[in-house]
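Trainee: My questions will all concern the structure given below.
The values are calculated or read from the model by the stated rules, or taken from the named source; none is laboratory data. This one's a predicted model, so the numbers in the text were calculated from it and none came from an experiment. Ideal geometry is used to build each Cβ from the backbone, glycine not excepted, and the neighbour counts take in all protein chains shown.
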Amino acid sequence: MQLFPTKIRRYYARFVAKDNSDVINECLFGNLECDGEEPLDVLSTYDVRQVPNVSNVQEVFTKLVHQETVQKPNSITERWRTILRPFSRRPIALTCGPCLEFPIGYQLFPELHEVFSSILAPSIQE
């Protein structure tokens, strides 16, 4: 595997605590034993279960960088998308006239009925 790219290391160093960044760098440059207590503590902080050694240390930290800078943000984006999807399907009442807009996306009437009833339910109980 090629050397751990300096740009990635610098980029990632901005997203972790200075102490963790220092441990990662010391490990990558061979100034610290990879399977020592400090590197294992840093890796456990990020739920990395693979134990680094001299031959795989760059691969382990490359995977960590990918996990923290690509996978986690994608996961968060997907969760927000799921949360926002119901809001984008709500009917919109225009106050300038007797008009009610329904977003495209309701496949069946019972689905529309369920959403519409859930919107009206709180105002009916009041």
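Trainee: Kindly provide the set of residues from the range 1-28 that are at pLDDT 80 or above and touching a Leu at 6+ places or on another chain (Cβ under 6 Å), ordered by number.
Mentor: Passing the criteria: only Glu26.
Trainee: Only residues that are assigned to a helix (DSSP H, G or I), among the small types (Gly, Ala, Ser) and at pLDDT below 85: list them for the range 29-86, please.
Mentor: Ser75
Trainee: What number of residues within the range 87-120 are small (Gly, Ala, Ser), surrounded by 10 or more Cβ atoms within 10 Å (Cβ to Cβ) and modelled with pLDDT of 75 or more?
Mentor: Within the range 87-120, residues that are small (Gly, Ala, Ser), surrounded by 10 or more Cβ atoms within 10 Å (Cβ to Cβ) and modelled with pLDDT of 75 or more number 2.
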